[in-house]
Amino acid sequence: MQEMTPYQLLGGEGVVRWLCDRFYDIMDSEPAVAPLRAMHPADLAGSRQKLFMFLSGWLGGPSLYMEAFGHPRLRMRHMPFAVDEAARDQWMLCMRQAVGELVVEDWLKHKLLEAFYNTADFMRNQ
């Protein structure tokens, strides 16, 4: 029997989209992450869509981002921005809250947050 992907465990497309929207809602309203918010465009619609497309494939669902844009090249795409420990931690604050509001199972929450942290830490360029 094949093991379920995180994408399937979360509930698929609608839930992943909710996670991305909630992440950006938090970023847009949480004063503690104002420096991170300032790195993004005023209109977050494109950012929301790209994160959704990326996470869809990253979580084991359809590879929407790769189909539209090719390999993500995350570090390269983030090089124009000063991604330091503070930016990483602000990004994680938003994701930790969004995941915490969505995921009930502690083991899945831990697995997701560990993977998100490892990816966010990899993005540091300062």
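The values are calculated or read from the model by the stated rules, or taken from the named source; none is laboratory data. Quick caveat, the model's predicted, so the values are computed rather than measured. Cβ: placed from backbone, ideal geometry, glycine included. Neighbour counts: every protein chain shown. Remember, those area values only see protein heavy atoms, side chains included, never the ligands or the DNA or RNA. Shrake-Rupley method; radii C 1.70, N 1.55, O 1.52, S 1.80 Å.
Looking only at residues in the stretch 66-116 that are part of a loop (DSSP other than H, G, I, E, B) and among the small types (Gly, Ala, Ser), the one that is nearest to Thr5 (Cα to Cα) is Gly70.
Given the criteria over 15 Å from the mean Cα position of the chain (by Cα) and either at pLDDT 95 or above or among the β-branched types (Val, Ile, Thr) (or both), does Pro62 qualify?
When the stated conditions are applied, Pro62 passes them.
Residues that are out of contact with any Pro (no Cβ under 7 Å at 6 or more places or on another chain), among the polar types (S, T, N, Q), in a loop (DSSP other than H, G, I, E, B) and open to solvent by 60 Å² or more (accessible area, probe 1.4 Å) do occur in the stretch 2-19.
Can you confirm whether the stretch 103-126 contains a residue that is in contact with a Phe, Trp or Tyr (Cβ under 6 Å, 6 or more places away or on another chain), under 21 Å from Glu13 (Cα atoms) and open to solvent by less than 30 Å² (accessible area, probe 1.4 Å)?
no
Among the residues of the stretch 26-61, the one identified as open to solvent by 60 Å² or more (accessible area, probe 1.4 Å) and closer than 18 Å to Leu112 by Cβ is Trp58.
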